[in-house]
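Enquirer: For reference, the structure I am asking about is given below.
The values are calculated or read from the model by the stated rules, or taken from the named source; none is laboratory data. Just so you know, these numbers come straight off a predicted model, no measurement behind them. A quick note on method: Cβ atoms are made from the backbone with ideal geometry, for glycine too, and the neighbour counts reach across all protein chains shown. For accessibility, only protein heavy atoms count, side chains too; no ligands or nucleic acids. Shrake-Rupley method; radii C 1.70, N 1.55, O 1.52, S 1.80 Å.
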Amino acid sequence: MRSAVPPQRRAILTGGLAATAALLTGCSSKSDGAGTEKTAPAGAAKTPSPSAGQRPDSPWAAFARLMDGNKRWVDGNLQHPDRDPRRREFVAEEQNPFGVILSCIDSRVPPELLFDTGLGDLFVMRTGGQVVGPVVTGSVEYGPMTSGTPLIVVLGHQRCGAVKAAYEAMRDGKELPGNLQAIADALRPAYEETVKEKAKDPVDAMIRIHVKQTSADLRANKDLGPLVKKGDLAVVSAYYSLDTGQVEVLTGAPSA
């Protein structure tokens with residue numbers, strides 16, 4: 001029989017586990033990932049935020065809130081929720097976003113505005129042509145894996161300059177300058193599928209194909225996939241119209 005762990009060794013092991021847990025929840029959230037609420041930290045705002053206790057915890061509820069916000073954006077009936085000093089104080093110690101948005105860097109596509117959300121509501125990643133790599137994928141995984149964020153939206157948009165540049169470069173057999181070529185390389189699967197389709201507007205088709213491919217890859221991700229299968233997470237591909245402000249859902253919309 002092995003001897004009991006000495007007190008000094010036990011303290012080291014306990015400290016190591018605590019450090020690991022702190023790392024996983026580094027940008028702290030209110031949930032431990034299993035839906036258990038943590039005790040509010042000392043110094044947290046005494047007055048609740050307008051949205052306190054109302055975080056959508058199912059994929060459908062999160063999706064519905066986003067789409068309601070987009071409808072307000074389209075109609076011009078904005079609420080500008082959670083954008084005041086009281087909300088800032090409320091989320092200063094902890095955050096608990098209900099959605100993850102992966103979108104393009106385009107200045108005309110700010111997710112917080114077009115979904116009419118506020119401070120602490122969304123994890124947002126923005127890259128040229130919403131392309132992904134290990135760091136971006138890890139950033140997308142963060143919310144669902146550490147705090148149970150129930151929704152991911154991969155959002156492409158009309159007249160995407162990054163996709164257009166990549167399409168034209170691959171069509172003409174040229175390379176883009178500097179690290180822009182890395183964006184084109186990441187978009188090659190979408191380009192190849194676009195060529196097969198022979199669409200009337202190949203750039204627009206490539207935008208839509210790319211977001212659908214990206215969301216499918218995230219659904220099949222070894223860490224996110226099980227959450228999707230259990231119904232705890234939805235991964236939606238969507239397309240934003242610069243002309244109308246409307247978000248069109250392409251694939252993955254959760255059911256009520």
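Enquirer: Run through region 171-214 and list the GluC sites (Glu not before Pro) located in a DSSP loop whose Cβ has at most 13 other Cβ atoms within 10 Å.
Expert: Details: sites: Glu175, Glu192, Glu193, Glu197; in loops: Glu175.
Here the GluC sites (Glu not before Pro) that fit, given the DSSP loop and packing criteria, are Glu175.
Enquirer: Give the carbon-plus-sulfur fraction of the accessible surface of region 44-150 in %, rounded to a whole number; probe 1.4 Å, heavy atoms of protein chains only.
Expert: Values: 2640 of 4780 Å².
Reported share for carbon and sulfur atoms: 55 percent.
Enquirer: Could you provide, to the nearest whole Å², the per residue accessible area of region 53-143 with probe 1.4 Å?
Expert: I get 45 Å² per residue for region 53-143.
Enquirer: Please give the Cα centre distance for region 200-256 versus region 71-87, rounded to the nearest Å.
Expert: Centre-to-centre (Cα) distance: 24 Å.
Enquirer: Once the piece of chain linking Arg171 and Glu112 is laid out straight, how much longer is it, given 0.36 nm per residue of separation minus the C-alpha distance between them? All intermediate terms of the calculation are to be shown ahead of the outcome.
Expert: Details: separation 59, 0.36 × 59 = 21.24 nm, distance 3.43 nm.
Between Arg171 and Glu112, full extension yields an extra 17.8 nm.
Enquirer: From largest accessible area down, sort Lys212, Lys196, Lys71; use a 1.4 Å probe on the protein chains.
Expert: Greatest to least solvent exposure: Lys196, Lys71, Lys212.
Enquirer: Further, regarding this structure: In nm, to one decimal, how far is the Gln79 label point from the Arg188 one, both placed 7 Å along Cα→Cβ?
Expert: For Gln79 paired with Arg188, the spin-label model returns 4.6 nm.
Enquirer: Related question: Let me confirm the definition first: pairs of Lys residues in region 150-256, 8 or more apart or on different chains, C-alpha distance under 20 Å. How many are there?
Expert: 12
Enquirer: Run through every distinct alpha carbon pair of region 53-182 and return the Kirkwood hydrodynamic radius in angstroms, one decimal place.
Expert: Hydrodynamic radius (Kirkwood, Cα pairs) of region 53-182 is 16.2 Å.
Enquirer: Return the aspartates and glutamates within reach of Lys71: Cα separation strictly under 12 angstrom, same-chain partners fewer than 8 residues apart disregarded; answer none if there are no such residues.
Expert: Output for Lys71: Asp116, Glu248.
Enquirer: What is the gain in length, in nm to one decimal, between Val249 and Lys198 on full extension, counting 0.36 nm per residue of separation less the C-alpha to C-alpha distance?
Expert: Gain on stretching Val249 to Lys198: 16.1 nm.
Enquirer: Relative contact order for region 197-256 using alpha-carbon pairs under 8 Å, separation at least 6, rounded to a whole percent?
Expert: Reported as a whole number, the value is 26 percent.
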